[in-house]
Amino acid sequence: MKKTTVLYEGKAKKVFHTEDKELLISEFKDSMTAFDGKKKHTELGKGALNNKISTHLFKLLNSHGIDTHFVDMIDDNHMLHKRCDVIYIEVIVRNIATGSLSKNLGIKNGTVLPFTLVEFDYKNDELGDPKLNDQHALILNLVDNKEELDILRTKARAINDILVPYFVDIGLKLVDFKLEFGKDKDGNIILIDELSPDNCRFWDTKTGESLDKDRFRQGIGGVKVAYEEVLKRILR
Ligand code: 5GP
């Protein structure tokens, strides 16, 4: 399958049409951004690492009955996937408090939450991805009805239930992550986008070290080495 015209270029991926109107190709880029695009950087090899990590995790979820847009990894930087109508909601899943949760609500960094928190952000760069409640999502017509919001939450929890023990086994705490969903040609809500250290927080179980995009956000460095370590553990 070959790339044809560009459908969309985002901060970390460029998405192309193919000869098949139901299939798209995403090119995983080496560029990194944070703080609503205000901080920018290029990390050579980061795109390939995220493509490989996402491919593995999509396959894992597929094998547990979670439908995703993944079709095939074409080469280091390219993934073939289904075309979906994007739902403009970022579904944030949190097991441990950190990041914006700690900042906004004053919950001490590293607090294990009494239950897994699922939140919605409006996927809208211009507005800085603000928090959404169900009524906001319905007023903005981001979904057709309240049931679809419940489907997003149920799917997000099911994905978390698969991923948490998987990462425990490879010495990583899955602290939090962002999921995106879309509707396939039959109207089914399926997982899209990517699952990588760009949109997940992983803390090493032994050392507590961040092995994810926080290294870039916080300017700690060692971004590529951390992403390579995540891939290495996933492949072992
Ligand atoms: P926070 O709200 O604490 O900044 O992020 C929570 C989790 O969702 C983190 O794992 C973070 O990587 C992910 N996340 C939230 N918003 C975005 C986003 O706009 N882009 C990406 N790549 N990840 C996000």
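The values are calculated or read from the model by the stated rules, or taken from the named source; none is laboratory data. Everything numeric in this text was worked out from a predicted model, so none of it was measured. Backbone-built Cβ (ideal geometry, glycine too); neighbour counts: all protein chains shown. What goes into the accessible areas is simple: the full protein's heavy atoms, side chains included, and nothing from ligands, DNA or RNA. Shrake-Rupley method; radii C 1.70, N 1.55, O 1.52, S 1.80 Å.
Under 5 Å from the amide H of K29 lie the amide H atoms of K13, K14, each residue being 5 or more positions distant or on a separate chain, with H modelled from the backbone and absent for Pro and chain starts. The calculated FRET efficiency for H136 paired with K232, based on their beta-carbon distance and R0 = 41 Å, is about 0.50.
Extending 7 Å from the Cα toward the beta-carbon at both N62 and E9 defines two label points whose distance is 2.9 nm.
Counting only DSSP H runs of at least 4 residues, each contributing -39500 (n - 2.57), and dividing by the residue count of the chain, the helix-based mean residue ellipticity at 222 nm comes to -9500 deg cm²/dmol. Between L174, L60, L127, the Gaussian network model of the chain with springs among Cα atoms under 10 angstrom shows the greatest mean-square fluctuation at L127. For M79, the solvent-accessible surface computed with a 1.4 Å probe is close to 0 Å², ligands and nucleic acids excluded.
Among K46/K103; K146/K183; K59/K232; K131/K178, which pairs are too far apart, with a Cα-Cα distance over 18 Å? Long pairs (Cα-Cα over 18 Å): K46/K103. Given R0 = 35 Å, the distance between the Cβ atoms of N104 and K2 translates into a calculated FRET efficiency of 0.20.
Database remark: amide H of L7 closer than 5 angstrom to the amide H of V15, F16, H17 (H placed geometrically; neighbours at sequence offset of 5 or more, or on other chains; Pro and chain starts carry no H). Measuring spread by the Cα atoms of the chain yields a radius of gyration and Dmax of 17.1, 50 Å. Stretching F35 away from T207 to a fully extended chain increases their span by 59.3 nm, per 0.36 nm per residue minus the current alpha-carbon distance. Taking only the Cα atoms of segment 1-135, the radius of gyration and Dmax are 17.0, 50 Å. Residues whose amide H falls under 5 Å from that of L113, counting only those 5 or more places apart or on a different chain, are I96, A97, with hydrogens built in the peptide plane. Applying the Karplus relation 6.51 cos²θ - 1.76 cosθ + 1.60 with θ = phi - 60° to segment 108-113 yields 3J(HN,Hα) values of 4, 3, x, 5, 6, 6 Hz, where x marks Gly and Pro. Build a GNM of the chain with springs between Cα atoms under 10 Å apart, and of K224, K39, K183 the one that fluctuates most is K39.
For segment 41-114, trypsin sites (Lys or Arg not before Pro) are listed when DSSP marks them as loop and at most 12 other Cβ atoms sit within 10 Å of their Cβ; the list is K108. Restricting segment 20-61 to chymotrypsin sites (Phe, Trp or Tyr not before Pro) that sit in a DSSP loop and have at most 16 other Cβ atoms within 10 Å of their own Cβ leaves F35.
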